[in-house]
Amino acid sequence: MGMPSEDVVLIEKGKKVGEPTVITVNCPGRTGLGCDLCRIILEFGLRITKADVSTDGIWCYIVLWVVPYLDSLTVRWASLKNRLLSECPSCAFTFFFSQPSNCSKTSPVYLMKYCCHDRKGLLHDVTQVLCELELIIQRVKVMTTPDGRVVDLFFVTDSMDLLHTKQRWDDTCKQLHAVSGESCIMCDLQLAGPEYQTQLGVSSLPPEVAEELFSCELLDKETRSQALTPDLTELKKASVVIDNSLSPAHTLLQIRCVDQKGLLYDIMRPLKDYNIQIAYGRFSSNNKTYRDMDLFIQQTDGKKIVDVDKQTALCSRLKMEMLHPLRVIITNRGPDTELLVANPVELSGKGRPRVFYDVTLALKVLGICIFSADIGRYSTPDRQWEVYRFLLDESCGFQLSNSQARNHIVDRVRRTLMGW
C-alpha cells in the first residue's frame, strides 16, 4: 500500500501577489533528499524563503516557502511537481529509505546544433529558451566564425523526456527561431555520439590559473580577483556552531549566513556528500540580509558527530560552500581575455543549475559579446568542478586590459550568480 502520488507533493500558490507558494513533500525519507529537492527548485528559478524539515527515521515531511527570483518569471508548476515527485522515494518501498538514491532514470543526451548570425546577447537569449523549455545544458561549445556567424553545440537532456518526439522538437525549433528571426541558418538535433564523451574530458588549466581559481585560502584572505566591492564585503560572514548538549541522539548544527541565491542548496549539498541525515531542520530569516538555520543531524550509523576532526571538517566545508559556492576570475589566454567560473560538483556528478544562464545574463547586461564558450570538468584533490570558460570579444567597448574594468565584470557576474 502506498500514498497516492498526488498527495506526495502538494503545491499551494499564494492567494495574493507577492505571497510565497507553499510546497509540501510527504514521502519516505532518504539521505540527500533535501539537497535534491532544493536543486530542482533552484533549477526552476525559485528562491526558498523559509523551510521546515522533519522525519521519524522512516517518513519525512518537508515544507518549503518559495518565490520567483524574477517577477517576470513564468513557473511551470505542473512540471515542477512532476520533477519533485521523480526524486521522492516510492511509497511502496519504505524499507529501503536509508539508502542513497542513485536510481533516477538516466535521460538520453542530445546534441543540438544551432547556427545563426551573431549579435549581442544572443547566447543568453538561446540559453533562456532552453531553460524555459526545461532542457538541461550538460555541455556546450560555442564558436564565432570570421564572417560573423555563431555555431552553438549544446549537449542537453530533457527533464520532460519528450525531446525524441516531433512535437517537442518542433516547439523547441519554433522558439529558437523566434530568438534569431531570419538570421537563423540551422537548427538540428540528434542523439549525442562519441563527441559527448570527448566533452566530458577534464579541462586543462595553467597551474597559476588553477591556483587562483581553486585556492583553499579564500576564507582567510580573498584573492584580488575574487574580492567583492566594499558594500558587500561586510556581509561575507558565516557562522557554523555544533552543539551536542541539547539532544541525546542528535547533533545540533546552527548556521547563520548572508542570504544568497541557492543558499539552502549550498548547505544541503555537503551534508548529502557526507551522508549526514537530517532529523529536523528549520530555515528562516531574522532580517532582510541574514538567514538562520537549525539542523538536528546524525551520521549514517545513527550516532551524533562527536569526533572533533569530523566536526572541524564539516564546519569548514559548510563555511566554504556558503561564502564561496562559485569561483569567478578573469585571466589572459594568450592575447585574449578569458572569464572562468568554477561550479562545485556533488559526488553524484551534478553541479549547481542555471550557472550558464546567470553568467550569460550578466555579460549581456554589461554589453559584452562572447567570442567562444565551453564547459568542462576539472578535478582538484578533494573534489570535482564544472569549469565554464568564456573568451570575451575585445571589440565590445570594454577595455578588457584595464584591471578596474575586469574587476567590474567579475563583480557583476558574481552578484548575478548570488542573486545580489
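The values are calculated or read from the model by the stated rules, or taken from the named source; none is laboratory data. Since the structure is predicted, the reported quantities are computational estimates derived from the model, not experimental observations. Cβ sites come from the backbone with ideal geometry, for glycine too, and all protein chains shown count toward neighbours.
Structure above, values below:
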{"item": "Any pair with Cβ under 7 angstrom, 6 or more apart, that starts in the stretch 240-269 at a residue that is assigned by TED's automatic domain parsing to the domain that holds Ile297 and assigned to a helix (DSSP H, G or I) and ends at one that is surrounded by fewer than 14 Cβ atoms within 10 Å (Cβ to Cβ) and of a type in the set (Phe, Trp, Tyr)", "result": "none"}
{"item": "Residue that is nearest to the chain's Cα centre (by Cα) [pool: residues in the stretch 121-145 that are part of a helix (DSSP H, G or I) and acidic (Asp, Glu)]", "result": "Glu132"}
{"item": "Pair list, Cβ under 6 Å, 6 or more apart: the stretch 393-420 residue of a type in the set (Lys, Arg), other residue at pLDDT 95 or above and part of a helix (DSSP H, G or I)", "result": "Arg412/Ala362"}
{"item": "Residue within the stretch 384-407 that is within 15 Å of Leu122 (Cβ to Cβ), among the hydrophobic types (A, V, I, L, M, F, W, C) and either in the same structural domain as Val156 (by TED's automatic domain parsing) or in a helix (DSSP H, G or I) (or both) present", "result": "yes"}
{"item": "Condition check for Leu246: modelled with pLDDT of 95 or more and either among the aliphatic types (A, V, I, L, M) or within 30 Å of Thr416 (Cβ to Cβ) (or both)", "result": "no"}
{"item": "Any hit, the stretch 264-283, residues being more than 27 Å from Trp59 (Cβ to Cβ), touching a Leu at 6+ places or on another chain (Cβ under 8 Å) and not aliphatic (A, V, I, L, M)", "result": "no"}
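Table: residues versus (1) in contact with a helix residue (DSSP H, G or I) (Cβ under 8 Å, 6 or more places away or on another chain); (2) assigned by TED's automatic domain parsing to the domain that holds Leu80; (3) outside any strand (DSSP E or B).
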{"site": "Lys113", "(1), (2), (3)": "no, no, no"}
{"site": "Asp152", "(1), (2), (3)": "yes, no, no"}
{"site": "Phe155", "(1), (2), (3)": "yes, no, no"}
{"site": "Gln175", "(1), (2), (3)": "yes, no, yes"}
